[in-house]
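Notes follow once the structure below has been shown.
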Amino acid sequence: MKNKVIAVAALLLVLVLAGCGSSRVHFVGPAGSKLFLSHPEKEYTMPIVLELKQNESPKKLPVDAGGQSIRIVLPDGTRLKGYLHVYSISMDQVERLAEVPFSLSEEQIIQLKAGTAVTVIGFTGGRNQPVYKINLGVERE
Amino acid sequence: MRPGQRAVAVLLLVLCAGCARAPLRLQEVAVIRNEATARYAFVGRPRFLVCAEPVDVVVLGPVAATEDRLAASKSRSSAENAALEARSAGSRVEVGGSTAETVGKASRAASTKHEHAARVEKEAADATTSEREHAARVEREAADARSVEREHVSRTEVAAADAGTQVRLAEARSSRTSFRATQASETHRHEVRSAAYESVVEDRTMAAGSMWSYSRPCLKKMAATPQAVVGERLDFILEFRNETAFDLAAVEIVDLLPPGVEPLVNRISLTPSLRFSADWKEGQLLILIPHGVSRGQAVRIQIPTIVREDAGDSTID
């Protein structure tokens, strides 16, 4: 009887965990930038490490459709808008522990202000699996 | 042949004779250059600029017309011609006429030189990029080699530890030493393995990273034919491609048509069919796509024009 209860609990746990894969993304900078995510609707200040829910197949990496809405307000007031895709990948222990970084360099910010759309893709170490993709464009300077 | 049939045949002959024209002798009159720009925005009013490569079209005219133009251009003062030459060498439109050939050649030479310079610049940029890529590759290979070496060292240590353990075990078994000795060596092996695992963790954590790319809409300008005849229709084609991951809120295209080229504004068409407005003012054709262009979408705009006789007789400012 006790074994059965344990087995059912373990099965439930596995089912729950299977649908809740997440990836750790370290939003590094520019430091002081505000980050707004739509799911869940929250505001963060960079640098911050976030556990993001995996919701897309990595096969969709070349496709620019869907994705959750993301907004970044840079320290100088420049507003960026874009889409965030977090890919469902199976990570080993090492990859699960690692924080995949996201940051915007000076060059990228210049490109964004010139009207260019910037795409940043984060990869795991070792197997180079895509963890996230963020497409950004300038909304208002 | 019956009389009726004969009459029909004669009528046909007369008709054909009346329709027949002496073959038209055409000659290069001018080279016109056409440019276009577009403005776009992800949100709000269009403000980011994108330019198309200019397109050159050779204008052909009947020989008689060309001679008239030759006479007209001969009557121009030498000062005017010199100014025209100077302008055409560095500007966008070449002029027809007697000086047209030389001016045209000069401008073509300037254009070729410009193209060559651009090509050289591009090659240099490519070389720099490939050099940078090569350096990055070499660095990556070195890092890989270091990591492999480190792993190898760890593995060797583990193997050595294993060997040591085996030897000690054998010794323990043979000499029947205490259990403590065996336990100590097992612990040691475990420690070595942990160290090896940690080194792998460190390497992989270091390798996790990101890469970036950028994209922006592009505008391409083409002429339906490389040559146009005076008085005939000439179609220009503009292709606006939204290669970004975003829908564009609005797109505004300005087509700088050369003088003497008149657009048939009512016949402008967009493929796919999008809502647009076209306005022709002071040599500029303004095409506004108010609802923008979706991500990944390409819009082809066909602009029919009529080439007038005075095409290429002045410059665009």
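The table below lists the values:
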quantity	calculated
Members of the stretch A:100-117 found to be under 15 Å from the mean Cα position of the chain (by Cα) and at the interface with another protein chain (Cβ under 7 Å from one of its Cβ atoms), listed by number	A:100, A:101, A:102
Within the stretch A:64-99, tally of residues that are within 11 Å of another protein chain (Cβ to nearest Cβ), under 17 Å from residue A:129 (Cβ atoms) and at pLDDT 80 or above	1
Residue that is farthest from residue B:223 (Cα to Cα), among those in the stretch B:236-252 that are within 9 Å of another protein chain (Cβ to nearest Cβ) and of a type outside the set (A, V, I, L, M)	B:246
Selection within the stretch A:118-132 - at the interface with chain B (Cβ under 9 Å from one of its Cβ atoms), of a type outside the set (Val, Ile, Thr) and buried (at least 17 other Cβ atoms within 10 Å of the Cβ)	A:122, A:123, A:125, A:126, A:132
Leading residue by the ranking (surrounded by the most Cβ atoms within 10 Å (Cβ to Cβ)) among those in the stretch B:232-246 that are touching a Pro at 6+ places or on another chain (Cβ under 9 Å) and either in a strand (DSSP E or B) or not β-branched (Val, Ile, Thr) (or both)	B:240
Only one of B:249, B:278 that is under 18 Å from residue B:34 (Cβ atoms), small (Gly, Ala, Ser) and surrounded by 16 or more Cβ atoms within 10 Å (Cβ to Cβ)	B:278
All strands (runs of 3 or more DSSP E) inside the stretch A:27-139 with 1 or more residues being out of contact with any Asp or Glu (no Cβ under 7 Å at 6 or more places or on another chain) and among the β-branched types (Val, Ile, Thr)	A:42-45, A:48-53, A:68-73, A:100-103, A:117-123
Breaking point among (1) within 13 Å of chain A (Cβ to nearest Cβ); (2) surrounded by fewer than 16 Cβ atoms within 10 Å (Cβ to Cβ), for residue B:208	(2)
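The values are calculated or read from the model by the stated rules, or taken from the named source; none is laboratory data. Here the structure is a predicted model, which is why all the values come from computation and not from measurement. Glycine also receives a Cβ, built like all others from the backbone with ideal geometry; neighbour counts cover every protein chain displayed.
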